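Read the structure below first, then the notes.
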6 protein chains.
Amino acid sequence: MTKIAVFPGSFDPITLGHTDMIERSARLFDKIYVAIGKNSTKSYLLSPEQKIRTVNEACAAIKNCEVIDYDGLTIDLCLRLGAKYIVRGLRSGTDFDYERSIALMNATMKPEIETIFFISRAELGGINSSIVREIWKNNGDIEKFVPKSVLDCLNHN
Amino acid sequence: MTKIAVFPGSFDPITLGHTDMIERSARLFDKIYVAIGKNSTKSYLLSPEQKIRTVNEACAAIKNCEVIDYDGLTIDLCLRLGAKYIVRGLRSGTDFDYERSIALMNATMKPEIETIFFISRAELGGINSSIVREIWKNNGDIEKFVPKSVLDCLNHN
Amino acid sequence: MTKIAVFPGSFDPITLGHTDMIERSARLFDKIYVAIGKNSTKSYLLSPEQKIRTVNEACAAIKNCEVIDYDGLTIDLCLRLGAKYIVRGLRSGTDFDYERSIALMNATMKPEIETIFFISRAELGGINSSIVREIWKNNGDIEKFVPKSVLDCLNHN
Amino acid sequence: MTKIAVFPGSFDPITLGHTDMIERSARLFDKIYVAIGKNSTKSYLLSPEQKIRTVNEACAAIKNCEVIDYDGLTIDLCLRLGAKYIVRGLRSGTDFDYERSIALMNATMKPEIETIFFISRAELGGINSSIVREIWKNNGDIEKFVPKSVLDCLNHN
Amino acid sequence: MTKIAVFPGSFDPITLGHTDMIERSARLFDKIYVAIGKNSTKSYLLSPEQKIRTVNEACAAIKNCEVIDYDGLTIDLCLRLGAKYIVRGLRSGTDFDYERSIALMNATMKPEIETIFFISRAELGGINSSIVREIWKNNGDIEKFVPKSVLDCLNHN
Amino acid sequence: MTKIAVFPGSFDPITLGHTDMIERSARLFDKIYVAIGKNSTKSYLLSPEQKIRTVNEACAAIKNCEVIDYDGLTIDLCLRLGAKYIVRGLRSGTDFDYERSIALMNATMKPEIETIFFISRAELGGINSSIVREIWKNNGDIEKFVPKSVLDCLNHN
């Protein structure tokens with residue numbers, strides 16, 4: 001049976017931590033949807049169109065990966081896509097405690113959807129989108145944290 | 001001597017995690033005040049009136065429990081009510097680290113007020129009001145996370 | 001109804017962190033049993049008799065407190081004593097993660113026994129019996145960490 | 001391509017937390033090896049033969065699951081079995097911090113072996129083999145924590 | 001060689017936890033800059049001028065300490081000041097997980113800047129600027145949490 | 001004034017995580033003592049003589065570093081050496097919770113001795129001496145985790 005997974009996030013911006021997770025997920029699953037949440041209330045660095053473009057370019061080399069954006073709950077997206085798995089990355093115990101609440105509530109609502117976790121690669125363990133946004137706003141150099149597509153996009157703004 | 005406790009929160013909305021804590025507190029204390037903070041800066045799902053109504057209905061079967069709302073510090077509320085105890089629930093190490101700061105600062109200000117903690121029941125351990133709000137806003141089914149009074153209230157909005 | 005609690009531990013040795021918890025528990029409960037586990041596999045600083053003596057002396061001023069030693073499970077001890085509560089102290093998120101497993105397994109076996117937690121007083125937050133043992137073995141000064149009864153006992157060895 | 005995973009552990013004894021992980025892994029992977037470490041230095045409740053028997057019986061209904069025991073490193077076992085994945089369960093932030101070190105060191109030695117994590121089901125979140133051993137040794141009732149095969153084995157000892 | 005460090009923060013308000021860190025840093029380093037971030041998006045209790053005044057007064061007795069405010073990244077400030085060290089305080093595992101991300105990203109951008117950490121003194125371990133702000137807004141007594149300069153400033157508002 | 005620090009540990013074996021800490025400490029302090037605890041109760045991979053030799057070789061290039069072994073408390077060693085600082089590394093929130101207890105108890109006994117912390121470099125964050133020992137005992141390849149001196153020593157055993 002085809003194993004399909006969703007890697008959800010706000011990707012504002014997509015980081016090298018995310019692309020590492022997506023590549024590793026793409027080896028485990030037959031198909032991986034990178035799903036950009038539209039309804040996030042967080043302050044954006046990138047517009048919705050920029051997010052789609054930068055994520056698409058960053059994942060272009062991964063054949064079994066498709067980038068989409070979505071409204072609503074991630075578990076409802078999974079049902080629409082026929083995905084049985086949600087993939088999330090973990091950097092720290094604090095990440096774990098937060099992700100655990102979401103995963104358990106998702107499992108209560110839809111027991112047929114499973115959440116699995118990867119641990120961030122050691123050398124990428126500190127990368128965090130919100131700190132990347134702060135660095136960018138303060139004229140810092142983010143090239144070691146994000147894929148080239150994000151640099152291109154931000155430099156053309 | 002009568003042992004009185006306050007269970008403070010924003011209850012936006014009250015969850016089954018909260019009602020479990022309140023029931024357990026009501027067995028330990030002679031009187032438990034469920035205290036709805038009015039001055040929270042968090043974005044509301046429920047209006048102040050709806051919070052009072054839903055919490056009252058959810059706690060109606062607990063005889064030694066009284067629902068109130070309040071402004072100001074929880075320790076000042078305790079003094080007004082003659083309560084020596086604040087009750088809080090813990091789900092995770094992250095919860096603990098946050099609650100510890102508040103409990104220690106309260107103990108510095110009013111050493112006569114004690115904070116005690118219950119651990120969330122295992123099967124309720126993931127429930128979190130802010131995720132419940134997100135689920136509701138995204139048209140998800142929250143019936144396994146909140147008491148009937150919240151469902152009734154939201155469905156009549 | 002009389003509220004009875006058990007404060008279990010290995011008390012090797014009893015510390016000022018423990019005596020703080022016992023005093024606070026004694027204000028909340030009508031009766032508090034300080035229960036010294038006999039079957040611990042940990043390497044002892046104090047003999048069983050020394051533990052009983054030092055704990056008894058440390059708690060002598062607390063009227064509604066009784067010191068006992070016990071074999072077997074803490075929940076079985078609670079049933080024998082008519083105690084509905086186990087009291088434990090928390091110093092850190094790591095403590096919490098460990099105590100949570102025990103509390104949840106106890107609640108699965110005997111739902112009528114409740115575990116409640118106090119947070120260690122800030123200035124006592126670092127005290128840990130196993131570090132006290134290490135300090136003592138290395139000829140360090142433990143007088144700021146343990147009650148007088150432990151100092152007396154060790155100095156007469 | 002066939003996706004093969006190893007679920008390593010000491011299984012002393014196998015718990016309902018383990019069987020839940022194994023069932024969930026068996027749905028994600030084509031083949032799951034439940035691998036009982038022989039070289040653990042931990043004190044045993046079960047003999048090596050009892051571990052194999054109890055794990056085998058507990059997993060008998062899972063078709064794509066095979067129980068083995070092994071010496072040496074888990075990553076070397078993976079290479080011998082053609083497994084690209086190690087599966088581990090997480091209950092808490094403390095678990096995470098420990099598993100992270102092992103996963104990162106494994107990834108340094110064999111980057112082609114991936115570790116993925118499941119979060120323990122909420123109602124099983126507190127189960128811990130070492131506490132199960134303590135309960136058993138103290139004549140407690142472990143039937144809510146372990147599969148029937150463990151109860152059968154221990155009751156015939 | 002002169003060892004220079006920066007202790008950055010939003011100091012809204014400066015607390016006794018901060019002043020403890022600054023005093024301890026001033027003993028380790030030849031020069032310590034207390035750097036007030038101007039570009040924080042957090043809601044202020046104190047105006048920028050009030051922050052500078054209160055921090056200056058609180059640090060007046062520390063000879064090798066200088067108070068500045070700054071825009072932009074802390075690592076860029078360090079380069080401008082010739083500082084090789086950033087100093088931060090840690091109260092809990094949650095603090096650690098957050099500070100680790102920032103420290104690792106800073107180390108990626110500027111490997112020549114080192115971040116070092118002090119653990120908050122036990123009796124100050126719970127103090128947190130955002131809780132201090134909440135207490136003040138709710139007419140609570142913050143005199144045990146902040147230096148005299150903050151009390152003077154707020155009482156003259 | 002000369003700033004002297006002690007970096008204590010059991011170094012069984014010294015890892016690349018340790019050598020990174022020592023190099024970074026040696027830049028901050030005028031003199032750094034790498035202090036090998038003799039009284040550890042942990043099971044050894046290396047003999048006391050092998051530890052001294054491997055640590056010495058690993059630190060040979062660091063001029064202001066001196067390797068010693070010691071009995072007794074680290075704070076007493078500091079006093080004998082005229083060191084005002086203990087240096088420790090942190091990998092995780094769990095590490096922090098443990099180190100915090102030791103640092104606070106040390107500060108209670110000898111307030112004039114300060115403990116400061118470095119965060120492990122991201123790519124070394126997972127390295128742990130006890131896992132290194134396990135890998136070695138299971139014939140794994142530890143060359144990415146330890147300095148050459150440890151490999152030489154173990155390969156000549």
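The values are calculated or read from the model by the stated rules, or taken from the named source; none is laboratory data. Everything quoted here is computed from the prediction, not taken from an experiment. Neighbour counts are summed over all protein chains in view; Cβ atoms, including those assigned to glycine, are modelled from backbone coordinates with ideal geometry. The protein model used for the area step is the full one, side chains on, heavy atoms only, and it has no ligands, DNA or RNA in it. Shrake-Rupley method; radii C 1.70, N 1.55, O 1.52, S 1.80 Å.
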#### Entry: Distant-in-sequence amide H partners of residue C:33 (H built 1.01 Å from N, under 5 Å)
C:5, C:6, C:7, C:66
#### Entry: Diffusion coefficient, µm² s⁻¹, Stokes-Einstein with Kirkwood Rh over alpha-carbon pairs of segment F:79-123 at 20 °C and 1.002 mPa s
189 µm²/s
### Query
Just by accessible area at a 1.4 angstrom probe, what is the order of F:20, B:76 from largest to smallest?
B:76, F:20
### Task
Largest first and to the nearest Å, give the Cα extent of segment E:15-73 along each principal axis.
32, 23, 17
### Query
Tell me, what ³J(HN,Hα) does each residue in segment A:136-148 have, in order and in whole Hz, if you take phi through Karplus 6.51 cos²θ - 1.76 cosθ + 1.60 with θ = phi - 60° and put x for Gly and Pro?
4, 5, 9, 6, x, 9, 9, 5, 8, 10, 10, x, 4
### Query
To the nearest whole percent, what portion of all C-alpha pairs in segment A:1-156 is separated by more than 24 angstrom?
30 percent
### Summary
Filtered hits (lysines, Cα-Cα < 26 Å from residue A:31, offset >= 8 within chain) -> A:3, A:51, A:63, A:84, A:110, A:148, D:3, D:31, D:63, D:84, D:110
### Task
If a/c stays under 1.5 just call it rounded; otherwise compare a/b with b/c (prolate if a/b is bigger, oblate if not). Do that for segment A:23-113, with a ≥ b ≥ c from the square roots of the Cα gyration tensor eigenvalues.
rounded
### Message
How many Å² of accessible surface get buried when C and F come together, counting both sides, probe radius 1.4 Å, rounded to the nearest 100?
### Response
1200 Å²
### Leading residue at positive end of dipole, chain A (Cβ point charges), from A:17, A:74, A:154
A:74
### Exam field: residue B:61 pseudo-label spacings to other copies (7 Å along Cα-Cβ), nanometres
3.1, 4.6, 6.0, 6.0, 7.0
### Query
When the accessible area of chain E is computed with all protein chains present and a 1.4 Å probe, what percentage of it is carbon and sulfur?
49 percent
### Message
Treating only the Cβ of Lys, Arg, Asp and Glu as charged (+1, +1, -1, -1), what charge dipole size does segment C:21-120 show about its Cα centre? Round to the nearest 20 debye.
### Response
120 debye
### Message
If each label sits 7 angstrom from Cα along the C-beta direction, how far apart, in nm, is residue E:112 from its counterparts in the other copies?
### Response
3.7, 4.2, 6.0, 6.0, 7.2
### Summary
Quick note, segment B:82-151: a/c under 1.5 would make it rounded; otherwise a/b > b/c is prolate and the rest oblate (a ≥ b ≥ c, C-alpha gyration tensor); here it is prolate
### Query
Restricting attention to the alpha-carbon atoms of the protein assembly as shown, what are Rg (one decimal) and Dmax (integer), both in Å?
27.9, 78
### Query
Across peptide A:76-87, how many C-beta atoms of other chains are within 10 Å of each residue C-beta, on average?
1
### Message
With every protein chain kept in place and ligands, DNA and RNA left out, what is the accessible area per residue of chain B? Probe 1.4 Å, answer in Å².
### Response
41 Å²
### Message
Under 8 Å for C-alpha pairs, at least 6 residues apart: give me the relative contact order for chain D, rounded to a whole percent.
### Response
32 percent
### Message
Closest beta-carbon to the E-to-F rotation axis: which chain E residue owns it, and what is the separation in whole Å?
### Response
E:93, 1
### For residue E:49, inter-copy label distances in nm, listed shortest first [label point 7 Å out on the Cα-Cβ vector]
4.5, 4.5, 7.4, 7.5, 8.7
### Task
Keeping all protein chains in position, work out how much accessible area residue A:88 exposes to a 1.4 Å probe, and write it in Å² to the nearest 10.
60 Å²
### Message
Cut-off under 16 Å on the C-alpha distance; same-chain residues fewer than 8 positions from residue E:137 excluded. Which lysines are left, in chain and number order?
### Response
B:38, B:42, E:42
### Message
Run the helix sum for chain D: -39,500 (n - 2.57) per DSSP H stretch of 4+ residues, divided by residue count, reported at 222 nm to the nearest 500 deg cm²/dmol.
### Response
-12500 deg cm²/dmol
